[in-house]
Amino acid sequence: MIIPFDGEAEAIAIANGTDYGLVAGVWTENGGRQMRMAKAIKSGQIFINNYGAGGGVELPFGGHGKSGHGREKGFEALYGFSTLKTVANWHGE
């Protein structure tokens with residue numbers, strides 16, 4: 001679906017105006033705009049100047065909102081199955 005917009009703020013509002021956010025795509029030659037849009041859009045994955053299945057097993061995959069919670073694949077997925085613990089051992093007198 002293509003929706004016309006006027007400026008970055010409106011494009012971000014349209015993108016974030018849904019309950020879902022699995023994958024989004026941004027097309028622009030402006031490097032600064034690419035990163036601003038990627039940071040502002042609420043989506044599990046953002047493709048810049050391309051779209052489709054990207055990355056291997058090392059890249060986390062997940063959604064935002066009703067598109068799901070958590071991350072699958074990569075190191076991010078392991079955090080859901082582990083607990084961080086600090087052990088401080090004094091080696092003194």
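The values are calculated or read from the model by the stated rules, or taken from the named source; none is laboratory data. Everything numeric in this text was worked out from a predicted model, so none of it was measured. Please note: Cβ atoms are built from the backbone with ideal geometry, for glycine as well, and neighbour counts cover all protein chains shown.
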Residues (modelled with pLDDT of 75 or more, hydroxyl-bearing (Ser, Thr, Tyr) and closer than 16 Å to GLY21 by Cβ) located in the range 39-93: SER43, TYR51
Candidate set: the range 12-44, residues that are in contact with a strand residue (DSSP E or B) (Cβ under 9 Å, 6 or more places away or on another chain), outside any helix (DSSP H, G or I) and small (Gly, Ala, Ser); chosen: the one surrounded by the fewest Cβ atoms within 10 Å (Cβ to Cβ): GLY25
